[in-house]
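Beneath this line is the structure, given in structure tokens, with notes to follow.
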Amino acid sequence: MPIIRMSANKKYDFLIVGSGLFGATFARLATDAGKRCLVIDKRLHAGGNIYCENIEGINVHKYGAHIFHTSDKRVWDFVNSIVPFNRYTNSPVAAAPDGNLYNLPFNMNTFYKMWGVKTPSEAKAKIDEQRGDAIERMSKAGIYEARNLEEQAISLVGNDIYELLIKGYTEKQWGRPCDQLPAFIIRRLPVRLTFDNNYFNDAYQGIPIGGYNKLIDRLLEGSELKLGTDFFQNRHYWASIADKIVFTGKIDEYYGYRFGRLEYRTVKFETEIINEPNYQGNAVVNYTSADIPFTRIIEHKHFEAFGDDVYSNPHTVISREYSTEWTDGMEPFYPVNDEKNQETYKRYKELADREPNVIFGGRLAEYKYYDMAPIINQAFKQWERF
Ligand code: FAD
Ligand code: UDP
């Protein structure tokens, strides 16, 4: 049993606003050190965006597919000490406008299907030929460095792949033409001359056995949890009952939107129960055609059931994902990291840096897109500052 030390006047050492992965990890670290934590969340469940809803015995990733991946051994060991992870390996398939299915990320399987090339040197020659045209066109126009996503993609993999697998998907995802999007978005997409469909280059990946809720529940063990509780409904009261606040909500809301609202992209989900055991044979199928309104279909059972196990449940659950602009009342998912929003965030951050008793952490408070593993690492860092 950890020893609980309470400070002289306050009921809790930490009030943690938000039970997402940042808040829950911080709560685990603090509780293990004997601190008393109260975690509040305005949603009716814990876990923030990694929460899963059980539908037909399947863990449905309610806020979008979540695949844990990292090369950080400390983070991997930490999560596995809380709950073991399975061997899920993300290998999405792209349904392209030419009617074919292609493997992602771009690798020898993709190139073989697209051009019939069988060896890495044949593939390289084909990519060079395709890139060559683009680079020549660009240099004729006096452009030596990609100025936008379209130029970046074509100079990386050539026109065929850009037209079939990138353009439609990216424009649906970001709601803007590729020639008006920054080049860096596509730079992280791997291009491989091996027959390797593993989407990530990381050393470790998987899904918690039994689902993400297990991870969250165990991180929150020992903390008090109040759901359906919005910090802003009674902020003075909440601030008065703990020595320190760990705030993982929206930083602009914390400061009453005084410098304006930060913008987000979000995703709408259309979830359906299907009366067959195996709908698409893979967890993730991307639809890269501009004519299909959704970006991808997730079939949730494939995150946790492999081989014949897929057939042990006669039903399956799928979610179609529609990427859309965010307005108040929707879930804020992806920060829009353009200049205007970054400037606004900087002003809020200056205020946050001057708060002696509030720790701002997580993707909403830091206005930054973080994957799960870096979020855990951030929570470690913030905790270690004490
Ligand atoms: P959140 O999960 O958003 O938690 C914040 C919590 O604070 C929420 O529960 C919210 O209700 C609560 N809150 C906010 N304001 C208040 C308030 N005023 N009062 C009380 N409570 C409040 N990462 C990966 O590693 N792999 C993936 O495959 C992956 N896929 C993703 C797909 C999508 C669609 C999205 C959006 C994210 C994905 N991520 C993925 C990132 C992952 O979701 C985040 O890294 C992680 O969830 C961030 O945790 P957090 O605690 O910062 O935020
Ligand atoms: N992308 C694409 N076609 C695909 C998958 C991804 O063009 O089938 C592009 C798209 O621009 C996307 C970027 O690659 O924004 C990064 O994709 P990833 O899946 O890594 O991003 P996430 O959806 O996780 O933000």
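Bear in mind that the values in this text are calculations on the coordinates, not laboratory data. Worth saying up front: this structure is predicted, and the values here are computed from it rather than measured. Don't worry about glycine lacking a Cβ; one is built from the backbone with ideal geometry, like all the others, and counts go over all protein chains shown.
The figures follow:
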{"item": "Tabulated pairs, the range 158-183, first under 20 Å from L101 (Cα atoms), second β-branched (V, I, T) and within 16 Å of ligand 1 (Cβ to nearest atom), C-beta under 7 angstrom, 6+ apart or interchain", "result": "Y169/T295; K172/T295; Q173/T295"}
{"item": "From A305, A290, residue being within 30 Å of N86 (Cα to Cα), more than 16 Å from ligand 1 (Cβ to nearest atom) and assigned to a loop (DSSP other than H, G, I, E, B)", "result": "A305"}
{"item": "Enumerated strands (runs of 3 or more DSSP E) restricted to the range 169-274, each holding at least 3 residues that are at negative phi", "result": "224-226, 242-247, 264-274"}
{"item": "Count - residues of the range 35-69 that are acidic (D, E) and within 7 Å of ligand 1 (Cβ to nearest atom)", "result": "1"}
{"item": "Matching option when the condition is hydroxyl-bearing (S, T, Y) and either within 21 Å of N282 (Cβ to Cβ) or under 19 Å from the mean Cα position of the chain (by Cα) (or both), among Y237, Y204, Y162", "result": "Y204"}
{"item": "Filter result for I375 (crowded, with 16+ Cβ neighbours inside 10 Å and in contact with a Gly (Cβ under 8 Å, 6 or more places away or on another chain))", "result": "yes"}
{"item": "Scan of the range 311-344 for residues that are part of a helix (DSSP H, G or I) and touching a strand residue (DSSP E or B) at 6+ places or on another chain (Cβ under 8 Å), ordered by number", "result": "N341"}
{"item": "Contacts under 9 angstrom Cβ, first residue in the range 238-261 being more than 18 Å from D41 (Cα to Cα) and in contact (Cβ under 8 Å) with a residue 40 or more places away in the chain, partner within 16 Å of ligand 2 (Cβ to nearest atom) and assigned to a loop (DSSP other than H, G, I, E, B), 6 or more apart", "result": "none"}
{"item": "Qualifying position, being surrounded by fewer than 16 Cβ atoms within 10 Å (Cβ to Cβ) and out of contact with any helix residue (DSSP H, G or I) (no Cβ under 7 Å at 6 or more places or on another chain), among G210, G206", "result": "G210"}
